[in-house]
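Chemist: Sending over a structure as structure tokens; questions will come in a sec.
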Amino acid sequence: GSGAPLARVIDRFLVRRLPAQAVAALAADATTALPARGLSRRQPRLDALASGAWTCLLSLPGDWGSRYAAVSGDANPVHTTAWGARLFGQPRAFAQGLSLRNAVAARLARHGEPLDWLQMTFASPGWLNQTLRLTVVDHRFELVGERGELVAYGRTGGL
């Protein structure tokens, strides 16, 4: 209504298996501030049983990618079909990053987390046909897959 922005989003993407010369060029680029080494091996750190911790489940059914594609236009086959995911070297389809960010933000908002800003880093894919666990402790959160792998982590805050 007022024309004021609802959010400012800054996205950064990582690419695996870069040639050595491309990695060397990145090291010289001052805009690559995100440390990515070991990100896919990072383990969950938040204790779901800690005092004040809150958890909830986020189900990713097999049609999650197709349903999100219908409203977002992001119908990339790595998110919508098993064959498309395999074609791009993935074992199965995984959720679109924005769909997970939106789902996490909605649950955090319902829980009463301050969402004047939201920082979220993806550590591994959120595979379809699984249920993820969202844990929140002191405005920090983690999204963990059924095998205990860290899918995403971040924090929220108020202005």
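The values are calculated or read from the model by the stated rules, or taken from the named source; none is laboratory data. What you are looking at is a predicted structure, and each value in this text was computed from that prediction instead of being measured. Cβ coordinates were reconstructed from backbone atoms using ideal geometry, including for glycine residues, and neighbour counts include every protein chain displayed. Heads up: the accessible areas ignore ligands, DNA and RNA and are worked out on the full protein's heavy atoms, side chains in. Shrake-Rupley method; radii C 1.70, N 1.55, O 1.52, S 1.80 Å.
Chemist: For the range 134-141, take each phi angle, set θ = phi - 60°, evaluate the Karplus expression 6.51 cos²θ - 1.76 cosθ + 1.60, and give the result in whole Hz per residue in order, putting x for glycine and proline.
Modeler: Computed from phi, the couplings for the range 134-141 are 9, 10, 10, 9, 6, 6, 10, 9 Hz.
Chemist: Return the sequence-ordered ³J(HN,Hα) values of the range 122-131 in whole Hz as given by the Karplus equation 6.51 cos²θ - 1.76 cosθ + 1.60 applied to θ = phi - 60°, using x for Gly and Pro.
Modeler: So the Karplus estimates, Gly and Pro as x, are 8, 9, 7, x, x, 5, 6, 6, 8, 10 Hz.
Chemist: Any idea what the dipole of the range 84-159 comes to, in debye rounded to 20, about its Cα centre with Lys/Arg Cβ at +1 and Asp/Glu Cβ at -1?
Modeler: Values: 9 positive and 6 negative charges, 48 e Å.
Magnitude of the dipole: close to 240 debye.
Chemist: Within 10 Å of each candidate Cβ there may be at most 15 other Cβ atoms; applying that plus a DSSP loop requirement, which GluC sites (Glu not before Pro) in the range 63-159 survive? Could you put the intermediate results ahead of the total?
Modeler: On the way: sites: Glu142, Glu146, Glu149; in loops: Glu146, Glu149.
Qualifying residues, ordered by number: Glu146.
Chemist: Turning to a different aspect of this structure: For Gln130, what residues show an amide H to amide H distance below 5 Å, using hydrogens built from the backbone and excluding near sequence neighbours?
Modeler: Close amide H contacts, sequence-distant or interchain: Leu60.
Chemist: Whole-Hz Karplus ³J(HN,Hα) for the range 40-47, in order, using 6.51 cos²θ - 1.76 cosθ + 1.60 and θ = phi - 60°, x for Gly and Pro?
Modeler: Along the range 40-47, the couplings run 6, 9, 4, 9, x, 10, 7, 8 Hz.
Chemist: Take Ser66, Ser124, Ser40, Ser51 and sort them by solvent-accessible surface of the protein heavy atoms, 1.4 Å probe, largest at the top. Don't skip to the end; give the middle numbers.
Modeler: Numbers: Ser66 55, Ser124 30, Ser40 85, Ser51 120 Å².
The ranking, largest first, comes out as Ser51, Ser40, Ser66, Ser124.
Chemist: Select from Gly97, Leu128, Leu108 the residue farthest towards the positive end of the dipole of the range 88-159; place +1 on Cβ of Lys and Arg, -1 on Cβ of Asp and Glu, and compute about the Cα centre.
Modeler: Of the listed residues, the answer is Leu128.
Chemist: Accessible area, 1.4 Å probe, largest first: how do Trp83, Trp64, Trp54 sort?
Modeler: Working: Trp83 150, Trp64 35, Trp54 65 Å².
Ranking Trp83, Trp64, Trp54 by accessible area, largest first, yields Trp83, Trp54, Trp64.
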